[in-house]
C-alpha cells in the first residue's frame, strides 16, 4: 500500500453562484501519477488549482470541504500559502519562463526562500536541470535568456523551476498541450522519471497520454467525480458506462 500524500474530502468550488466542483473526495499516493480526465468545463482544472490554493486568486471563487497534507488541512485560513506552494509545485499549460537567464529561472525560488550561498544555488540549479532532463542541453548556456529555448525546453525548464524548491507534489495542467509530438514525448518520459520521487497530479485532454503516464485516473463530468481507479482498469474495463462512453470517444 502506497503512502497517501494528499487527499480531499467533500471538496467543492464555487464561482459566484455556480458550483464548478461538487463534493469531490480523492486521495493521491506518493511516488505515483494520477491523471484527471474529462471534457472541457468538467471541473478538473478548477479542482487541480484548488490543491495549492490558486483559486484564491480568482475573484468570486469560494471553496468548501477539506484538503489534507499530512496533519494539515490547507483550506484552514491560517495556512501559509507561500510555504504551501513551495510544497506543491505547479506547471501550467503553456511554458511561462521568467524573462531571465536559465540559471536565474531555477535559482529564483530557492533564493526567495532564503538560500543565498552561490555554491548551494549552483548545486540546486544543476540538480534541478538534471532531474528535468535539461542539463546536457543547457549547461554551457546557463546565462542566456530562457526565452531562447524551444517550447519543449521551456516547459522542461518550468518543471525544473518547480523542482528547485524541493516540493513533494507537482501539479501539471495539460503540460504538453502546447507542444509538438517530440517535445510531448520528452515531457512524458520526464513524468515517468519524476514519479520515482514525487506525487504528480496531471490534467490532460489526451486519453492516450493519460493511459501512458498515469498509475490511476479520475474521470470528471459536470463537476462530479464519476469514477476513480487504476488506469489500466479504467481504460480496459471501466465500472461506469459514462466513463466507457467518454474514453471510447462516444462523447466529449
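Numbers at a glance
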| item | result |
| --- | --- |
| Cα→Cβ-extended label distance, 7 Å offset, between residue 241 and residue 92, nm | 4.1 nm |
| Near-label residues of the range 197-229 by backbone N, under 19 Å of a point 7 Å along Cα→Cβ of residue 250 | 207-208, 219-222, 226-228 |
| Extension gain, residue 83 back to residue 127 (0.36 nm per residue minus Cα-Cα distance, nm) | 13.7 nm |
| Anisotropy class of the range 199-244 from Cα gyration tensor, a/c 1.5 cut | oblate |
| R0 of 25 Å, Cβ-Cβ distance residue 9-residue 108: FRET efficiency to nearest 0.05 | 0.15 |
| DSSP-defined beta bridges in the chain - what % are antiparallel, rounded to 5 | 55 percent |
| The range 143-166-the range 4-37 distance, computed between alpha-carbon centres (Å) | 28 Å |
| Overall form of the range 1-101 per C-alpha gyration tensor (a/c, 1.5; a/b vs b/c) | rounded |
| Potential lengthening between residue 30 and residue 197 on full extension [0.36 nm per residue; Cα-Cα distance subtracted] | 59.3 nm |
| Relative contact order, percent, the chain [alpha-carbon distance under 8 Å, six or more residues apart] | 27 percent |
| Ascending count of other beta-carbon atoms within 10 Å, so fewest first, for 228, 251, 98 | 251, 98, 228 |
| Computed [θ] at 222 nm, helices only, for the chain once each DSSP H run of length n ≥ 4 contributes -39500 (n - 2.57) | -10000 deg cm²/dmol |
| The range 98-159 shape via C-alpha gyration tensor axes, a/c threshold 1.5 | prolate |
| Fewest-first sequence of 128, 248 by Cβ atoms within 10 Å of each Cβ | 248, 128 |
| Proxy reagent accessibility, fewest Cβ within 10 Å first, across 82, 213 | 82, 213 |
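Coordinate-derived values only; no laboratory data. Since the structure is predicted, the reported quantities are computational estimates derived from the model, not experimental observations. FYI the Cβ positions are ideal-geometry reconstructions off the backbone, even for glycines, and counts take in every protein chain you see.
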